[in-house]
Amino acid sequence: MYRRNALRLYKQKRKQMKTNLLPAIKLTLICMVFFMGIYTLLIYGIAQFAPNNGKGFIIESKGKKYYENIAQKFTDDKYFWSRPSAVDYNAASSGASNKGPSNPDYLQTVQDRIDTFIVHNPTVKKAEIPSDIVTASGSGEDPNISVQAAKIQVSRIAKIRNLSETTLLSLIEQNTEKPLFGLFGPEKINVLKLNLALDNLK
């Protein structure tokens, strides 16, 4: 009697395994083939039609290569500063701080950035500082700043580089990217392009 019950229980478990476990294994294998193979090849194929075959927008200057669509770190006073980054401009770990606008730590971080900016730009008042120069983007990799964020740095850079503010304002205007089709998005400036143009000034 005991052996019969044990055999019946074994058969039931085996049937359940075939009913539940085997379909799960099949689904796992199908997903692996699709997402690790077919999907990857599909995205790679589409990328071949993108600019530079999906490898990003590369700028070469003085023997060095830079990615213009990924934020570069500029904190030296002789350059236009980049937008802050929560991941320290590391493209391998793109992301934000995930702290809300009412979070005390986040507010302190922003205040520290404001204080630092004013120390390095003593002619600028707190009310004149645009938000993008003291707050990080959602990705931490925004390569652009607003026109105002560039203009409020002119006085500092002009003094250090012994250039006229008119020259720097003209450089900003030359490197200002207009909204898409004149309608979508604000005017912006790629910090890398602007600083490379700055270094090329005679």
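What follows is calculated from the coordinates using simple rules that are stated; it is not laboratory data. Keep in mind that what you see is a predicted model, and the values were worked out from it rather than measured. Virtual Cβ from ideal backbone geometry, glycine too; neighbours counted across all protein chains shown.
Which shape class applies to region 53-179: rounded if a/c is under 1.5, otherwise prolate when a/b exceeds b/c and oblate if not, where a ≥ b ≥ c are the square roots of the Cα gyration tensor eigenvalues? Since a/c reaches 1.5 but b/c is at least a/b, the shape of region 53-179 is classed as oblate. For the pair residue 64 and residue 119 in one chain, pulling the backbone fully straight at 0.36 nm per residue adds 16.6 nm over the alpha carbon distance.
Sorting 80, 49 by the number of Cβ atoms found within 10 Å of their own Cβ, with the fewest placed first, yields 49, 80.
Farthest toward the positive end of the dipole of region 90-202, out of 144, 157, 183, is the Cα of 157, where the dipole comes from beta carbon charges about the Cα centre.
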